[in-house]
1. Quick one: in the stretch B:29-54, which of the residues that are more than 9 Å from DNA strand D (Cβ to nearest atom) and more than 27 Å from residue B:88 (Cβ to Cβ) is surrounded by the fewest Cβ atoms within 10 Å (Cβ to Cβ)?
2. Would you confirm whether or not the stretch B:64-87 contains a residue that is buried (at least 16 other Cβ atoms within 10 Å of the Cβ) and within 16 Å of DNA strand D (Cβ to nearest atom)?
3. Going by the conditions given, is residue B:57 free of Cβ contacts under 8 Å to residues at least 60 places away in the same chain, within 7 Å of another protein chain (Cβ to nearest Cβ) and within 18 Å of residue A:92 (Cα to Cα)?
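Where a number appears in this text, it was derived from the coordinates with a stated rule and is not lab data. Note that the coordinates shown come from a computational prediction; the quantities given were computed from them, not determined experimentally. Note that we place each Cβ from the backbone using ideal geometry, even for glycine, and neighbour counts take in every protein chain shown.
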DNA sequence: GTAGGCCTTCCCATTATGGGAAGGTCAAGG
DNA sequence: CCTTGACCTTCCCATAATGGGAAGGCCTAC
């Protein structure tokens, strides 16, 4: 299977497959006589794993940890759960931060006429004008 | 006022102040004979504005738009509100995406024993094992 | 034999920020 | 007068993950 077919089968772009190989996330595949990379079902399975981990927001570094745990038959589920829960914490922290921004922005937008006049509580807030309406 | 003092007064690092100047977000300040940048209260006000916009999650590009609107006395509040609301939409999209990850991960983590045994529904899910418990 | 569709490597760009080196300037204090 | 320290300057590099694109090799079909 060529890299294009592996990309198709895994949902990971050929560009990214090469990159993952370069950074050591996946093992270098065999090469044909013409120097083409060849992949088998096992490699594609790994790529799918990576794709799924990425879609859940795991960084490539975390993904590497998960891949190693996956390969390690003597792992403990506790080790995997640790990776997952700290990622959850991270996501929740970021969500809270962004939600705070949204709350502030919605308040400001609510107070903004959104009309033809120049007066704008949003700009007033950004400008540090504590006399901003609302 | 030197760049260090402007950084102190605005909460924007000296490094970032130089960068904002380099990308044209702020105007190049005056220089002293020894080639030091000098800032006045007006420039610091702009830096504070940027700082506040960044803290609300606006990109530097959006911040530039907001700075121009701020400077434009004939702006309409509608134009400002447009920038804000599309940023709110963007944040909410990202929050929803991350919340989806959290929901999935919490479910998987809940189903994971987190003990000394190797069996792990989290890895099963990542591996695409549709027989994953839960 | 040539055109198209793969593949290869290499370089560049993105976003916003920080680290650090090499060197200039200035003020204080010995 | 010289040193020390705290500034400042510019320049280069690194981050995370991904895509774009060029230049060139290989193979298959027509």
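1. Let us first name the residues in the stretch B:29-54 that are more than 9 Å from DNA strand D (Cβ to nearest atom), namely B:30, B:33, B:39-54.
Subset that is more than 27 Å from residue B:88 (Cβ to Cβ): B:30, B:33, B:39-44.
On the way: B:30: 11, B:33: 5, B:39: 21, B:40: 11, B:41: 10, B:42: 9, B:43: 21, B:44: 20.
The extreme case among them is B:33.
2. no
3. Details: free of Cβ contacts under 8 Å to residues at least 60 places away in the same chain: yes; within 7 Å of another protein chain (Cβ to nearest Cβ): yes; within 18 Å of residue A:92 (Cα to Cα): yes.
Taking the combined requirement at face value, the residue satisfies it.
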